[in-house]
Amino acid sequence: MTLLWLYWEFFKTGLFAIGGGMATLPFLQEMGVATGWFTAGQLADMVAVSESTPGPIGVNMATYVGFTTAGVGGAVIATLGLVTPSIIIILIIAALLKNFRNNRYVDAAFYGLRPASSGLIMAALISLVAIAMLHIDLFRETGSLLDLVDLKSLILAAVLLVLTRWVKPTKKLHPIVFILASAVVGAVFSFGA
Amino acid sequence: MHILPDLFLTFAKIGVMTFGGGMAMLPILQREVVEKKNWATEDELGDYYAIGQCTPGIIAVNTATFVGQKQGGIAGGIVATLGVVFPSLIIITALAGLIAAFSHLTWVQHAFAGIRVCVCVLIFNTVLKLAKKAIVDWKAFLIFLAVVILSVFTDLSPVIFVLGAALLGILLKTLEVKKA
């Protein structure tokens with residue numbers, strides 16, 4: 001039963017996630033809340049592993065979530081669920097619509113879809129930041145802004161932001177470099193403790 | 001080699017070499033599909049890729065289905081897609097078991113706490129890149145803002161936003177045409 005449910009959840013994700021692998025994140029977040037299969041923190045770790053391993057990120061995340069939920073069978077079923085809508089839609093487009101790209105309505109729909117997709121990922125990011133860098137429970141208790149933000153995390157985030165966006169020699173480095181460096185920093189400075 | 005196993009193996013190879021998502025895949029596709037196999041011209045690949053970006057689903061999967069379909073019909077489309085996801089299944093399954101075995105260690109938990117911060121920054125960079133292309137005028141910006149605010153403060157499913165945004169896009173563009 002879980003496998004069937006898993007297939008359906010990933011079918012929906014594959015059908016509605018638009019604009020590449022990271023666009024599946026908001027759907028996975030909602031899935032975790034709705035089903036209780038994994039926590040938001042676990043999902044963040046899965047994103048990290050998916051970014052650091054070969055294969056398209058979206059496929060990696062589906063495999064990982066499926067495996068976490070129901071073992072090897074879950075990994076296979078989740079991935080198949082994710083790709084089923086793609087296969088159906090692309091086969092239809094390839095057979096019927098020669099000028100899909102130039103279709104006025106498709107173009108108009110994507111005028112709305114692209115900012116919405118970015119907005120969904122932005123919202124997913126905000127809840128991820130709340131888990132990774134804020135102590136919301138502690139803040140509720142003490143009401144002190146100093147307790148809200150995890151200072152170590154904030155410093156690491158600021159350094160990473162500068163290195164990935166502005167420093168020329170490090171800007172082009174593969175994400176895995178930053179992920180590994182952050183793992184070392186996290187272990188050495190006891191992050192999350 | 002028969003076309004179906006050839007499609008599977010070629011796309012499995014592309015899957016292994018794709019590191020970090022759909023965008024990283026284009027140069028690899030160009031080499032394998034256009035130069036080595038002659039399964040598509042450069043222009044056709046560009047078209048597949050563009051359609052892959054503006055249809056639901058993972059871009060890598062969409063492109064694989066397209067190339068596979070052209071070479072081997074429906075079966076070809078399915079086989080190419082299975083090929084591109086195959087390496088992920090093996091690698092992630094192996095790794096997930098390994099990580100689960102070590103996740104109780106304190107230092108591993110600290111390391112992952114550091115990694116989560118990094119993931120936030122990486123996703124932030126992805127959002128910026130996508131938003132730059134998506135927010136073409138103030139109306140698009142309002143759609144972006146509305147989706148962010150509504151999805152943070154309500155429990156609405158992302159599905160609602162996707163469907164709503166598509167309809168809104170068609171509505172806005174139709175009104176523009178009427179005005180002009």
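The values are calculated or read from the model by the stated rules, or taken from the named source; none is laboratory data. Predicted model only: the values in this text are computed from it and were never measured. Ideal geometry is used to build each Cβ from the backbone, glycine not excepted, and the neighbour counts take in all protein chains shown. Ligands, DNA and RNA are excluded from the accessible area calculation, which covers all protein heavy atoms including side chains. Shrake-Rupley method; radii C 1.70, N 1.55, O 1.52, S 1.80 Å.
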Confirm whether A:ALA62 is facing another protein chain (nearest Cβ under 7 Å) and either open to solvent by less than 10 Å² (accessible area, probe 1.4 Å) or in contact with a Pro (Cβ under 9 Å, 6 or more places away or on another chain) (or both). no
Out of B:ILE14, B:ILE92, B:ILE74, I need the residue that is in contact with an Asp or Glu (Cβ under 8 Å, 6 or more places away or on another chain), facing chain A (nearest Cβ under 10 Å) and either in a helix (DSSP H, G or I) or closer than 29 Å to A:ASP107 by Cβ (or both). Which one? B:ILE14
Checking B:LEU98 against (1) hydrophobic (A, V, I, L, M, F, W, C); (2) in contact with a Leu (Cβ under 9 Å, 6 or more places away or on another chain); (3) in a helix (DSSP H, G or I), the condition it does not meet: (2)
Only one residue in A:ASP45, A:ASP107 is closer than 26 Å to B:LEU122 by Cβ and assigned to a helix (DSSP H, G or I), so which one is that? A:ASP45
Test for B:GLY114: is it under 29 Å from A:PHE189 (Cα atoms) and surrounded by fewer than 22 Cβ atoms within 10 Å (Cβ to Cβ): no
Could you say which residue among B:VAL148, B:VAL152, B:VAL162, B:VAL121 is β-branched (Val, Ile, Thr), within 8 Å of another protein chain (Cβ to nearest Cβ) and open to solvent by 50 Å² or more (accessible area, probe 1.4 Å)? B:VAL152
Of (1) touching a residue at least 24 places away in the same chain (Cβ under 8 Å); (2) open to solvent by less than 30 Å² (accessible area, probe 1.4 Å); (3) hydrophobic (A, V, I, L, M, F, W, C), B:PHE86 fails just (2)
Can you confirm whether the range B:61-83 contains a residue that is more than 20 Å from A:PRO175 (Cβ to Cβ), hydrophobic (A, V, I, L, M, F, W, C), surrounded by fewer than 16 Cβ atoms within 10 Å (Cβ to Cβ) and not assigned by TED's automatic domain parsing to the domain that holds B:ALA166? yes
Every residue from the range B:45-60 that is assigned to a helix (DSSP H, G or I), open to solvent by 10 Å² or more (accessible area, probe 1.4 Å) and of a type outside the set (Asp, Glu): B:GLY46, B:TYR48, B:TYR49, B:ALA50, B:ILE51, B:GLN53
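Residue-by-condition table, conditions (1) among the hydrophobic types (A, V, I, L, M, F, W, C); (2) more than 16 Å from the chain's Cα centre (by Cα):
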residue	(1), (2)
B:LYS13	no, yes
B:LYS37	no, yes
B:GLY46	no, no
B:THR63	no, no
B:ILE90	yes, yes
B:GLY97	no, yes
Long-range neighbours under 6 Å by Cβ, at least six apart or interchain, first residue closer than 24 Å to A:ALA44 by Cα within the range A:128-150, second of a type in the set (Ser, Thr, Tyr): A:MET133/A:SER153
Restricting to the range A:1-15, what's the tally of residues that are crowded, with 24+ Cβ neighbours inside 10 Å and either over 23 Å from B:ALA165 (Cα atoms) or facing chain B (nearest Cβ under 8 Å) (or both)? 2
Among A:LEU154, A:LEU146, which is more than 8 Å from chain B (Cβ to nearest Cβ), at pLDDT below 90, open to solvent by 60 Å² or more (accessible area, probe 1.4 Å) and over 14 Å from B:ILE115 (Cβ atoms)? A:LEU146
Do you know which residues across the range A:17-42 are outside any helix (DSSP H, G or I) and either without any contact (Cβ under 8 Å) to a residue 40 or more places away in the chain or on the phi > 0 side of the Ramachandran plot (or both)? A:GLY19, A:GLY20, A:GLY36, A:TRP37, A:PHE38, A:THR39
Within the range A:54-73, is there a residue that is of a type outside the set (A, V, I, L, M) and in contact with a strand residue (DSSP E or B) (Cβ under 6 Å, 6 or more places away or on another chain)? yes
It is to be established whether one or more residues within the range A:105-122 are open to solvent by less than 30 Å² (accessible area, probe 1.4 Å), within 10 Å of chain B (Cβ to nearest Cβ) and under 25 Å from A:SER182 (Cα atoms). yes
